[in-house]
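Reviewing the structure listed below.
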Ligand SMILES: Cc1cc2nc3c(=O)[nH]c(=O)nc-3n(C[C@H](O)[C@H](O)[C@H](O)COP(=O)(O)OP(=O)(O)OC[C@H]3O[C@@H](n4cnc5c(N)ncnc54)[C@H](O)[C@@H]3O)c2cc1C
């Protein structure tokens with residue numbers, strides 16, 4: 001039998017349920033990937049992320065080639081064309097069934113329904129699998145039969161239901177029968193125009209590199225995660241997010257290998273390991289939120305009352321924030337890290353997002369979009385969850401009156417100013433006692449900008465805006 005695997009957000013061979021099912025059922029297996037520049041733009045995918053997708057597709061093609069599985073890349077104008085494109089390929093090659101792994105998001109879900117309908121009408125069998133999270137989305141419900149909207153009880157249910165059999169992911173692939181079809185990736189016109197300044201050497205391409213990164217991280221750093229994860233100058237987190245976001249590595253592989261370092265204990269033993277797994281559960285939590293509350297993927301807040309907030313907009317402040325010139329050194333260092341690396345440390349994502357939505361009182365949707373347009377690890381559900389948490393519009397959100405002070409955050413988490421010095425060149429020779437909030441004289445000597453706003457006033461303005469929306 002001939003099967004087709006439709007690769008989407010799962011650019012890997014390891015722990016890929018769709019690929020595994022096709023390989024175990026069929027003698028001949030083909031792969032397809034639908035590339036749409038227009039769709040990627042529409043979803044605000046970062047230019048660096050698109051480059052990463054293309055390079056990882058090339059790497060996937062080489063791996064699949066060893067298994068005699070050709071990968072065909074097809075261009076499309078957007079999701080609405082996918083159903084026809086798939087059916088055409090199935091008919092051309094007399095394929096009997098198609099397998100894919102589920103994606104999250106309302107556009108993706110509507111696209112899949114169109115694909116399923118066309119396949120049903122043409123008597124083609126299709127099979128879909130969950131590869132992005134451990135438990136199918138929507139599995140857990142509260143005592144009242146509602147989806148969880150608070151992380152801690154969700155995590156408890158997740159842990160209570162965890163069973164090591166869920167991590168039964170080992171599979172020995174053997175080469176399939178050779179086909180007459182060859183992969184087209186080397187001739188495919190991606191028409192990619194690079195317009196980012198991210199140092200791509202930080203993001204080595206391919207599944208093997210992702211697995212190596214996991215291995216290196218689990219070797220030592222994970223044991224210090226609880227302590228090191230909050231200081232941006234320390235390389236204390238895994239930096240696996242870009243690989244998880246594109247499915248170059250699977251969450252099950254990450255959890256399985258981490259558990260091996262902790263006698264398979266999920267909520268006891270090594271604190272670093274359990275804390276790290278917690279973060280992977282946050283990832284699953286936000287995917288569940290997107291699944292159970294589709295409004296959040298349509299630009300709407302989780303907390304409906306926050307629709308009434310009167311957000312400000314100031315072009316100059318927006319530009320200063322985006323370019324890392326707000327006059328708040330930690331914020332500027334973080335925004336420059338984003339430009340240089342396509343990635344930002346988690347603590348700083350919270351600090352800059354809170355500054356944007358509270359002190360600047362700008363609409364969280366603008367910040368959310370800017371992050372997606374610049375992050376190599378852009379993941380709609382985690383990004384949306386992070387922005388809505390920081391702006392107090394989301395589930396489990398920070399109470400609106402608890403607003404991070406960026407100067408205190410700077411002193412607490414970058415005490416010696418080393419992170420600031422690394423990214424804000426103008427301040428690289430400034431003493432640690434001055435670096436968090438340089439005097440006017442230092443700013444003028446270093447050509448470092450004045451602060452765009454007053455922290456105290458802007459904090460009160462934000463609280464007023466939330467109070468007004470609430471009443
Ligand atoms: C405003 C804001 C926007 C964010 N946008 C994204 C995004 O677009 N893509 C993204 O993957 N993460 C996002 N996050 C979550 C988090 O910042 C990143 O996952 C993390 O910094 C990635 O670095 P790491 O791989 O070294 O993480 P580690 O600390 O090593 O954590 C391991 C993995 O757990 C997951 N994870 C960690 N923290 C979180 C979290 N708070 N929420 C959900 N998953 C988490 C990630 O997949 C990560 O790779 C955002 C957070 C905030 C506050």
*Quick one: P(r) of the chain from all Cα-Cα pairs, 20 Å bins, percents rounded to integers, in order of increasing distance.*
22, 55, 21, 2
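What's the extension gain from residue 311 to residue 123 if we count 0.36 nm per residue and subtract their Cα-Cα distance? Could you put the intermediate results ahead of the total?
Working: separation 188, 0.36 × 188 = 67.68 nm, distance 5.13 nm.
Once the chain is fully extended between residue 311 and residue 123, it gains 62.6 nm.
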*Sorting 13, 150 on the 10 Å Cβ count, fewest up front, what's the list?*
150, 13
*Among 360, 200, 1, which comes first, second and so on when ranked by fewest other beta-carbon atoms within 10 Å?*
1, 200, 360
*Counting alpha carbon pairs within less than 8 Å and at least 6 residues apart, what relative contact order, in whole percent, applies to the chain?*
18
*So what's the gap between the Cα centers of the range 393-462 and the range 267-321, to the nearest angstrom?*
23
*Solvent-free Debye scattering, log10 I(q)/I(0), computed from the Cα coordinates of the range 336-410 at q = 0.28 Å⁻¹*: -1.45
*Which value results when the Cα radius of gyration for the range 242-377 is divided by 2.2 N^0.38 Å?*
1.24
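For an R0 of 45 angstrom, estimate the FRET efficiency from the Cβ-Cβ distance between residue 219 and residue 130 and round to the nearest 0.05. All intermediate terms of the calculation are to be shown ahead of the outcome.
Working: r = 29 Å, r/R0 = 0.65.
The formula returns an efficiency of 0.95 here.
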*If R0 is 25 Å, what FRET efficiency do you get for residue 402 and residue 432 from their C-beta distance, rounded to 0.05?*
0.40
_Taking the convex hull of Cα positions in the range 312-471, its mean projected area over all directions (nm²)_ = 8.9
*In which sequence would 246, 266, 407 go, from the one with the fewest C-beta neighbours within 10 Å to the one with the most?*
407, 266, 246
*What distance in nm separates the simple spin-label points at residue 459 and residue 160, each placed 7 Å from Cα in the Cβ direction?*
3.9
*asked:* Is the C-alpha gyration tensor of the range 110-257 telling us rounded, prolate or oblate? Criteria: a/c under 1.5 is rounded; beyond that, a/b larger than b/c is prolate, otherwise oblate.
replied: oblate
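DSSP beta bridges in the chain, what fraction antiparallel, as a percent rounded to 5?
For the chain, the DSSP antiparallel bridge percentage is about 5.
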*Treat each spin label as a single point 7 Å out from the Cα along the C-beta direction, and report the residue 1 to residue 200 distance in nm.*
3.9
*What base-10 log of the normalised intensity I(q)/I(0) is obtained for the range 1-98 from the Debye formula, alpha carbons as equal point scatterers, at q = 0.10, 0.11, 0.15, 0.21 Å⁻¹?*
-0.27, -0.33, -0.61, -1.13
_Theoretical ellipticity at 222 nm over the chain - DSSP helices of four or more residues, -39500 (n - 2.57) apiece, nearest 500_ = -14000 deg cm²/dmol
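Each value in this text was obtained by applying a stated rule to the coordinates, not by laboratory testing. As the structure is a prediction and not an experimental result, all values here were calculated from the model. Note: ideal-geometry Cβ built from the backbone for every residue, glycine included; neighbour counts use all protein chains shown.
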